[in-house]
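The values are calculated or read from the model by the stated rules, or taken from the named source; none is laboratory data. This one's a predicted model, so the numbers in the text were calculated from it and none came from an experiment. Here the Cβ is made from the backbone with ideal geometry for all residues, glycine too, and neighbour counts use every protein chain on show. Note: areas computed on protein heavy atoms with side chains; ligands, DNA, RNA excluded. Shrake-Rupley method; radii C 1.70, N 1.55, O 1.52, S 1.80 Å.
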Amino acid sequence: MTTLAIHGGTPVRTAPIGQWPVWGAEEEQMLLQALRSGTWGSIDGTFVKQLEAEFAEFQGARHGVACVNGTMALSVALKALDIGPGDEVLVPPYTFIATASAALMIGAIPVFVDIDRETLLIDPAGIDAAVTSRTKAVIPVHHGGSPADMDGIMEAAGRHGLRVVEDAAQAHGAAWRGRPVGAIGDVGTFSFQSSKPLNAGEGGMMLTNDDELDELLWSYRNVGRRRGGEWYEHVRLGWNLRMTEFQAALLLAQMRRLPAQQAHRTQNAAYLTERLEQIPGVVRVKVPDGVTAHSWYTYHWRWLGHATGGLHKMEFARALRAEGIPIHHGYVPINHNEALRAEIRRLGGAEPVACPNAERADAEEILDFPMSILMGTHEDLDDVVRAVEKVARAKA
Ligand SMILES: Cc1ncc(COP(=O)(O)O)c(C=O)c1O
């Protein structure tokens, strides 16, 4: 049997796979244009306004309000929906901490609704049992770029009078039954942090179809001012969360690349799935039937070979990394995060419930490739598959 690289064997791969970020003359030109305009802030500038309009149109929303990051976009979205101390917000546990901490930072309590085991996305069937008289909103996460079941979520939200904030931090260009995500619920939020499919180092966006919410999002992002008001006219309390013109200039150039990059990743994801599924123990993560576009931010898959004598997923990940393949061991369910739990306790919220599907995903099954893998060529993916095959044959 071939020796694993982790045990001193020859690694399958030594060259990096895929490039991220991708930039060229367009980005340089846009950044120089922002610089030379001498207007580097969005108040008098044109780039942020143009980005808001273009990104909103791209995602099928009437309004876009840019901000500093996806975390604050979530807090502002909740604030604009009049959610605050004592209110409960339903969130999935298998996500980045910001989905829940954004609620806590404005005094609202996250309540966890487990994910579907097959899709890793919030299971709308869990919503009824989690709702109390204090529940005000649900935050479905389009995890890894796969839209959550927006039919089930909108139905459940309608039944219980809940507002819906879509956490689309990872899901630029994704769509549910032909409708781009981010404009299906009341507000949709996006991140432009370095690893995301649309990247300016940092940045965020809030989308809505509702004129009043648009005004509130704008105002909270803009120190409580009102559109058309005086500079020192603050009609409510807010934050300064404005994006700079440089970020928007870069994002406008990056947006031109996004459709082709997304198509490339979609094609690569299909190729990878087809090849990986031939390896015993490797099982795909299901994409819900209603997903008509996936951003393929991350490529999650299940390693079930441990049950039949193969490596544990954590050992698998270490061995694969030694073979030269970047791999993560999925997300850590945030219902167990001690900082979150302590704050929930301090605010008098209910102790977070167990979420067995998320816990099993983390403890036993899920591994994920970063987006850069899907930016590569078929030859790059063949190396990925060779390395997975090699590690899958190893015994625990
Ligand atoms: C699901 C999810 N929600 C929220 C965020 C927060 O975005 P940001 O890092 O821009 O604050 C991220 C990104 O890191 C994320 O992946």
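Are there strands (runs of 3 or more DSSP E) fully within the range 60-150 with at least 2 residues that are without any contact (Cβ under 8 Å) to a residue 60 or more places away in the chain and over 22 Å from Val332 (Cα atoms)? List them.
Result: 135-138.
Out of the range 202-216, which residues are out of contact with any Ser or Thr (no Cβ under 6 Å at 6 or more places or on another chain), within 16 Å of the ligand (Cβ to nearest atom) and open to solvent by less than 10 Å² (accessible area, probe 1.4 Å)?
Gly203, Met205, Leu207
Just to be sure, is Gly152 on the phi > 0 side of the Ramachandran plot and away from the ligand (no atom under 13 Å from the Cβ)?
no
At pLDDT 95 or above, out of contact with any strand residue (DSSP E or B) (no Cβ under 7 Å at 6 or more places or on another chain), more than 30 Å from Trp303 (Cβ to Cβ) and of a type in the set (Lys, Arg): which single residue out of Arg221, Arg275, Arg256 fits that description?
Being at pLDDT 95 or above, out of contact with any strand residue (DSSP E or B) (no Cβ under 7 Å at 6 or more places or on another chain), more than 30 Å from Trp303 (Cβ to Cβ) and of a type in the set (Lys, Arg) holds for just one of Arg221, Arg275, Arg256, which is Arg256.
Every residue in the range 21-32 that is assigned to a loop (DSSP other than H, G, I, E, B) and open to solvent by 60 Å² or more (accessible area, probe 1.4 Å), please.
Matches in the range 21-32: Trp23 only.
Of the residues Leu74, Leu51, which is modelled with pLDDT of 95 or more, within 16 Å of the ligand (Cβ to nearest atom) and over 22 Å from Leu31 (Cβ atoms)?
On inspection, the qualifying residue turns out to be Leu74.
What do you reckon, is Ala200 in a loop (DSSP other than H, G, I, E, B) and touching a strand residue (DSSP E or B) at 6+ places or on another chain (Cβ under 7 Å)?
Spelling it out, it is not the case that Ala200 is in a loop (DSSP other than H, G, I, E, B) and touching a strand residue (DSSP E or B) at 6+ places or on another chain (Cβ under 7 Å).
For the structure I just gave you, tell me whether Thr189 is polar (S, T, N, Q) and either touching a His at 6+ places or on another chain (Cβ under 6 Å) or open to solvent by 30 Å² or more (accessible area, probe 1.4 Å) (or both).
No, not satisfied.
Is the range 93-108 home to any residue that is open to solvent by 30 Å² or more (accessible area, probe 1.4 Å) and away from the ligand (no atom under 16 Å from the Cβ)?
no
What about Tyr220, is it hydroxyl-bearing (Ser, Thr, Tyr) and either touching a Pro at 6+ places or on another chain (Cβ under 6 Å) or not in a loop (DSSP other than H, G, I, E, B) (or both)?
yes
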